[in-house]
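The values are calculated or read from the model by the stated rules, or taken from the named source; none is laboratory data. Computed from a predicted model, the values in this text were never measured in an experiment. As a convention, Cβ positions derive from the backbone with ideal geometry for all residues, glycine included, and neighbour counts pool all protein chains shown. Surface accessibility is based on the protein's heavy atoms, side chains included, excluding ligands, DNA and RNA. Shrake-Rupley method; radii C 1.70, N 1.55, O 1.52, S 1.80 Å.
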Amino acid sequence: MYMNEQLIRNSVVSVKGNHIKQKRRFRRATRMLGLLTIAILILIVSICVSLIGGDSDVFAAANGSHMKHSVEITKGDTLWSIANHYAGKGQNVREYMNEVKQINDLKSNVLQVGQVLILP
(Lines give C-alpha, C1' and ligand atoms only; values in the text may rest on other atoms or scores of the structure.)
Protein backbone atom coordinates (compact mmCIF):
# COMPACT_ATOMS: atom_id res chain seq x y z
CA MET A 1 0.00 0.00 0.00
CA TYR A 2 2.85 2.32 0.76
CA MET A 3 4.15 1.96 -2.78
CA ASN A 4 0.75 2.76 -4.30
CA GLU A 5 0.37 5.88 -2.17
CA GLN A 6 3.77 7.10 -3.29
CA LEU A 7 2.88 6.55 -6.98
CA ILE A 8 -0.40 8.41 -6.58
CA ARG A 9 1.24 11.28 -4.73
CA ASN A 10 3.98 11.59 -7.40
CA SER A 11 1.44 11.57 -10.23
CA VAL A 12 -0.62 14.29 -8.49
CA VAL A 13 2.49 16.44 -8.04
CA SER A 14 3.49 16.00 -11.69
CA VAL A 15 -0.05 16.90 -12.85
CA LYS A 16 0.09 20.05 -10.69
CA GLY A 17 3.55 20.87 -12.08
CA ASN A 18 2.31 20.49 -15.66
CA HIS A 19 -0.70 22.66 -14.90
CA ILE A 20 1.55 25.43 -13.54
CA LYS A 21 3.81 25.21 -16.60
CA GLN A 22 0.78 25.48 -18.88
CA LYS A 23 -0.40 28.60 -17.02
CA ARG A 24 3.04 30.17 -17.41
CA ARG A 25 3.12 29.38 -21.13
CA PHE A 26 -0.38 30.81 -21.54
CA ARG A 27 0.60 34.03 -19.72
CA ARG A 28 3.75 34.38 -21.80
CA ALA A 29 1.84 33.79 -25.02
CA THR A 30 -0.81 36.32 -23.97
CA ARG A 31 1.85 38.94 -23.22
CA MET A 32 3.57 38.35 -26.54
CA LEU A 33 0.26 38.60 -28.39
CA GLY A 34 -0.49 41.87 -26.58
CA LEU A 35 2.90 43.32 -27.47
CA LEU A 36 2.52 42.23 -31.08
CA THR A 37 -0.93 43.84 -31.23
CA ILE A 38 0.41 47.12 -29.82
CA ALA A 39 3.31 47.11 -32.29
CA ILE A 40 0.95 46.55 -35.22
CA LEU A 41 -1.36 49.35 -34.02
CA ILE A 42 1.57 51.75 -33.72
CA LEU A 43 2.70 50.83 -37.23
CA ILE A 44 -0.79 51.36 -38.65
CA VAL A 45 -1.19 54.73 -36.92
CA SER A 46 2.22 55.94 -38.10
CA ILE A 47 1.45 54.93 -41.68
CA CYS A 48 -1.92 56.69 -41.55
CA VAL A 49 -0.40 59.86 -40.11
CA SER A 50 2.30 59.93 -42.76
CA LEU A 51 -0.24 59.41 -45.54
CA ILE A 52 -2.79 61.87 -44.22
CA GLY A 53 -0.38 64.49 -42.89
CA GLY A 54 2.15 64.21 -45.62
CA ASP A 55 4.67 66.84 -46.46
CA SER A 56 3.06 70.22 -47.00
CA ASP A 57 5.64 71.19 -49.62
CA VAL A 58 4.81 68.11 -51.65
CA PHE A 59 1.10 68.85 -51.25
CA ALA A 60 1.63 72.44 -52.38
CA ALA A 61 3.61 71.30 -55.40
CA ALA A 62 0.87 68.85 -56.35
CA ASN A 63 -1.73 71.63 -56.19
CA GLY A 64 0.42 73.89 -58.31
CA SER A 65 0.66 76.47 -55.52
CA HIS A 66 3.92 77.45 -53.94
CA MET A 67 4.23 77.76 -50.22
CA LYS A 68 5.69 81.10 -49.28
CA HIS A 69 7.81 81.69 -46.21
CA SER A 70 8.68 84.98 -44.65
CA VAL A 71 11.65 86.13 -42.66
CA GLU A 72 12.14 89.21 -40.48
CA ILE A 73 15.44 90.96 -40.98
CA THR A 74 17.65 91.19 -37.91
CA LYS A 75 20.91 93.03 -37.35
CA GLY A 76 23.66 91.58 -39.56
CA ASP A 77 21.33 89.95 -42.09
CA THR A 78 22.15 90.46 -45.75
CA LEU A 79 20.25 89.48 -48.82
CA TRP A 80 23.08 87.12 -49.68
CA SER A 81 23.05 85.40 -46.26
CA ILE A 82 19.28 84.94 -46.40
CA ALA A 83 19.40 83.63 -49.98
CA ASN A 84 22.28 81.33 -49.11
CA HIS A 85 20.35 79.93 -46.14
CA TYR A 86 16.97 79.46 -47.83
CA ALA A 87 17.94 78.59 -51.41
CA GLY A 88 17.16 75.03 -52.35
CA LYS A 89 19.85 72.42 -52.71
CA GLY A 90 21.65 72.94 -55.99
CA GLN A 91 19.86 76.24 -56.62
CA ASN A 92 21.95 79.23 -57.63
CA VAL A 93 22.08 81.73 -54.76
CA ARG A 94 22.14 84.74 -57.10
CA GLU A 95 19.04 83.55 -58.90
CA TYR A 96 17.32 83.04 -55.55
CA MET A 97 18.35 86.57 -54.48
CA ASN A 98 16.83 87.98 -57.66
CA GLU A 99 13.58 86.07 -56.99
CA VAL A 100 13.45 87.49 -53.45
CA LYS A 101 14.06 91.01 -54.78
CA GLN A 102 11.36 90.60 -57.43
CA ILE A 103 8.74 89.19 -55.03
CA ASN A 104 9.39 91.91 -52.46
CA ASP A 105 9.80 94.69 -55.06
CA LEU A 106 13.28 95.58 -53.80
CA LYS A 107 15.30 98.07 -55.84
CA SER A 108 18.60 97.27 -54.09
CA ASN A 109 20.23 94.70 -51.84
CA VAL A 110 20.00 96.99 -48.80
CA LEU A 111 17.79 95.61 -46.02
CA GLN A 112 16.42 97.32 -42.91
CA VAL A 113 16.18 95.71 -39.44
CA GLY A 114 12.57 94.69 -38.85
CA GLN A 115 11.78 94.46 -42.56
CA VAL A 116 9.84 91.33 -43.49
CA LEU A 117 10.74 89.53 -46.68
CA ILE A 118 8.54 86.99 -48.41
CA LEU A 119 10.61 84.07 -49.65
CA PRO A 120 9.77 81.87 -52.63
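Screening residue 76 on (1) on the phi > 0 side of the Ramachandran plot; (2) at pLDDT below 80 shows it passes everything except condition (2).
Right, residue 16: over 30 Å from residue 113 (Cβ atoms), surrounded by 10 or more Cβ atoms within 10 Å (Cβ to Cβ), of a type outside the set (Val, Ile, Thr) and modelled with pLDDT under 85 or not? Taking the combined requirement at face value, the residue satisfies it.
Count, please, the residues in the stretch 99-111 that happen to be assigned to a loop (DSSP other than H, G, I, E, B) and either small (Gly, Ala, Ser) or open to solvent by 70 Å² or more (accessible area, probe 1.4 Å) (or both).
Residues in the stretch 99-111 being assigned to a loop (DSSP other than H, G, I, E, B) and either small (Gly, Ala, Ser) or open to solvent by 70 Å² or more (accessible area, probe 1.4 Å) (or both): 5 in total.
The test for being open to solvent by less than 90 Å² (accessible area, probe 1.4 Å), at pLDDT below 95 and not in a helix (DSSP H, G or I) holds for residue 65.
Beta carbons closer than 9 Å, at least 6 apart along the sequence or on distinct chains, pair a first residue in the stretch 88-112 that is in contact (Cβ under 8 Å) with a residue 12 or more places away in the chain with a second that is assigned to a loop (DSSP other than H, G, I, E, B) and open to solvent by 90 Å² or more (accessible area, probe 1.4 Å) for 101/107; 103/68.
Within the stretch 77-98, which residues are open to solvent by less than 70 Å² (accessible area, probe 1.4 Å) and either assigned to a helix (DSSP H, G or I) or under 18 Å from residue 115 (Cβ atoms) (or both)?
77, 78, 79, 81, 82, 83, 93, 96, 97 - these are the residues of the stretch 77-98 that are open to solvent by less than 70 Å² (accessible area, probe 1.4 Å) and either assigned to a helix (DSSP H, G or I) or under 18 Å from residue 115 (Cβ atoms) (or both).
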